[in-house]
Amino acid sequence: MNWNMIPRRAVAIFCFGAGALLTNAQTPAIIPQPETMEARAGGFVLASGAKIVANAGAEDTGRYLAAELRRRDAGELQVVSGTTVPGTGCVQLVLDDPVAGKEGYVLTVAPEGVIIEAHNASGLFYGVQSLLQMLPTAPAGVSRTNIAVPCVYINDEPRFQWRGLMLDVSRHFFTKSEVEALLDEMAWHKLNVFHWHLTDDQGWRIEIKKYPRLTEVGAWRKAIGFGLDPKASQDYGADGRYGGFYTQDDIREVVAYAAARHIMIVPEIEMPGHSSAALMAYPQFSCTGGPFTTDLPGGVFNGVYCAGNDAAFGFVEDVLTEVFELFPGPFVHIGGDEVPVDNWKNCAKCQARMREEGLTKESDLEGYFIRRVEKFINANHRRLVGWSEIRQGGLAANATVMDWVGGATEAAMAGHDVVMSPLNDCYFDHYQSLDHSTEPYAIGGYLPLRQVYQFEPIPTNLPAAYQGHILGVQANVWTEYMPSFKHVQYMVFPRLFALAEVGWSPKSSRNWDDFSRRVKVDCARLDELGVNHRAVK
Ligand code: ACM
Ligand code: ZN
């Protein structure tokens with residue numbers, strides 16, 4: 001395509017001075033693999049002093065690109081507003097292209113300049129990510145001004161709308177800047193959902209103004225726990241207690257950071273089980289009155305809200321009300337997994353509730369609990385997400401199921417949306433090698449990179465008519481045995497790159513050998529940026 005023929009409907013443009021031709025065209029190592037990519041002869045030189053030209057609405061993406069180029073020592077580019085191409089050698093960003101798909105983009109690199117066109121800001125942002133991944137890798141400290149980018153035409157959009165990562169910050173606390181570092185990596189790989197597991201038995205991590213003891217008491221435990229070396233983490237308060245929490249200002253900052261990277265945050269407030277930290281602070285909302293503790297090993301415990309006590313629902317609703325104010329996204333995750341029913345069996349209030357509701361099994365009380373909470377969530381214009389077990393006792397009317405131990409096909413065929421994060425293919429707490437002597441201690445399991453890459457999110461027994469209910473995929477990082485952020489990075493990278501490709505790229509483009517080539521380049525990028533990862537061979 002002639003440069004002048006490139007449509008300019010929704011384009012962000014960088015302007016670069018003319019420079020040397022790229023003599024040695026490389027195949028760009030983009031992850032996730034674009035839907036269509038056509039390598040072309042020659043290259044474009046990103047010269048120092050080049051400009052990014054952004055049309056109306058594209059300026060934020062332009063500034064993001066300039067910052068990311070600076071981070072990579074790839075020059076200081078000036079962002080200018082405009083719709084016309086001021087000569088050659090620019091990167092032009094064009095928003096409002098009606099042709100590109102919903103989250104799609106068209107990226108053209110020609111010797112004269114770069115154009116990224118998109119229908120909306122997300123698509124434009126993803127085009128920028130592909131361009132960033134076309135920069136050659138360079139050792140740390142080596143300037144990359146005047147770098148050559150191979151000429152290419154890419155027309156790309158994602159296969160799935162939910163491309164997620166869950167981080168458990170309860171078992172160990174991770175700071176705001178650590179979370180933001182993870183959001184950066186997600187963005188670079190076109191992932192768009194960060195599921196923030198904010199509460200569990202071993203720690204409550206979100207400030208709730210109406211219930212200050214949740215973080216005064218519930219955010220802390222006596223010790224690091226899980227048999228770990230106390231020195232493996234820095235997360236000790238001034239009084240020596242182990243833990244931490246996010247203030248509401250912290251949360252707002254992270255939400256904004258994610259939004260600037262087109263990432264939706266789905267907060268998870270666990271209920272009715274996995275709630276020992278909340279009940280340590282407010283035991284009156286349990287069946288037994290406590291006491292409860294956060295000093296627990298991994299496992300399933302009786303920190304469960306009383307399903308017969310209206311005050312417990314009042315507490316949950318108050319907490320969710322503050323959560324709705326902090327998180328603008330449409331989804332709120334309420335957990336719902338691994339709920340032991342012993343307390344409910346022995347509780348007069350729970351038994352009375354069962355009689356009132358005509359329930360014969362305690363496990364059906366979970367259905368009652370979730371359905372009641374869903375009504376509140378829907379009344380507040382949000383959608384409930386819960387783990388597989390929320391199907392027990394009757395699925396709430398509008399619930400989205402996060403499948404970790406089954407139920408996807410049944411839920412989708414009943415008209416519910418589903419996110420796939422099965423235990424066997426998406427749990428990044430599992431070992432990356434069968435030889436445990438070479439790996440840091442992990443919870444168990446075995447999930448090599450190749451298995452993540454080969455995961456197919458659409459269940460084989462789901463008829464085509466219901467496949468649209470599979471929103472996408474998600475990796476889960478449970479952190480019992482990951483006390484440091486470096487350790488989290490080791491478990492996440494490069495497996496997250498495989499997941500990104502599963503969530504974005506066409507099924508027909510899956511090619512393990514080619515991915516293996518690209519993943520090595522991507523790991524070199526991590527090295528450049530100082531991000532820890534497991535080595536690839
Ligand atoms: C889970 O892994 N308990 C959802
Ligand atoms: Zn009870």
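Every number here is computed from the coordinates shown, using simple stated rules; none is lab data. Not measured: the values here are computed from a predicted model. For neighbour counting, all protein chains shown are included, and Cβ atoms are generated from backbone atoms with ideal geometry for every residue, glycine included.
With the convex hull drawn over the C-alpha atoms of the stretch 242-354, the volume per residue is 123 Å³. Only lysines eight or more places from LYS361 in sequence, or on another chain, were considered; those with a Cα closer than 23 Å are LYS345, LYS349, LYS375.
Bridgeable lysines around LYS537 (alpha carbons under 18 Å apart, same-chain partners fewer than 8 residues away excluded): LYS520.
Here each label is just a point 7 Å from Cα along the line to Cβ, and for GLU456 and ALA138 those points are 4.4 nm apart. Only one residue of ASN302, PHE485, GLY289 has its Cα farthest out toward the positive end of the dipole of the chain, where Lys and Arg carry +1 and Asp and Glu -1 on Cβ, and that residue is PHE485. The modelled label-to-label distance between LYS222 and SER177, using points 7 Å beyond Cα along the C-beta direction, is 3.3 nm. Beta bridges per DSSP, both residues in the chain: antiparallel share near 40 percent. Using the Cβ-Cβ distance between ALA379 and LYS209 with R0 set to 30 Å, the FRET efficiency works out to roughly 0.90. Judged by the mean number of other Cβ atoms found within 10 Å, the most tightly packed of the peptides 350-357, 43-50, 122-129 leads the ranking 122-129, 43-50, 350-357.
Principal axis extents of the C-alpha atoms in the stretch 430-509 (largest first, rounded to whole Å): 45, 22, 21.
Full extension of the chain between ARG40 and THR288 yields a length gain of 82.3 nm, computed as 0.36 nm times the residue separation minus the alpha carbon distance. Our estimate of slack between TYR446 and ALA464, defined as 0.36 nm per intervening residue step minus the Cα-Cα distance, is 3.4 nm.
Amide hydrogen proximity for TRP162: with H placed 1.01 Å from N in the peptide plane, the residues at 5 or more positions away or on another chain lying under 5 Å are GLY472, VAL473.
The orientation-averaged shadow of the Cα convex hull for the chain, equal to a quarter of the hull surface, comes to 25.1 nm².
Extending 7 Å from the Cα toward the beta-carbon at both LEU434 and LEU529 defines two label points whose distance is 3.4 nm.
In a DSSP loop and with at most 11 other Cβ atoms within 10 Å, there are no GluC sites (Glu not before Pro) in the stretch 92-186.
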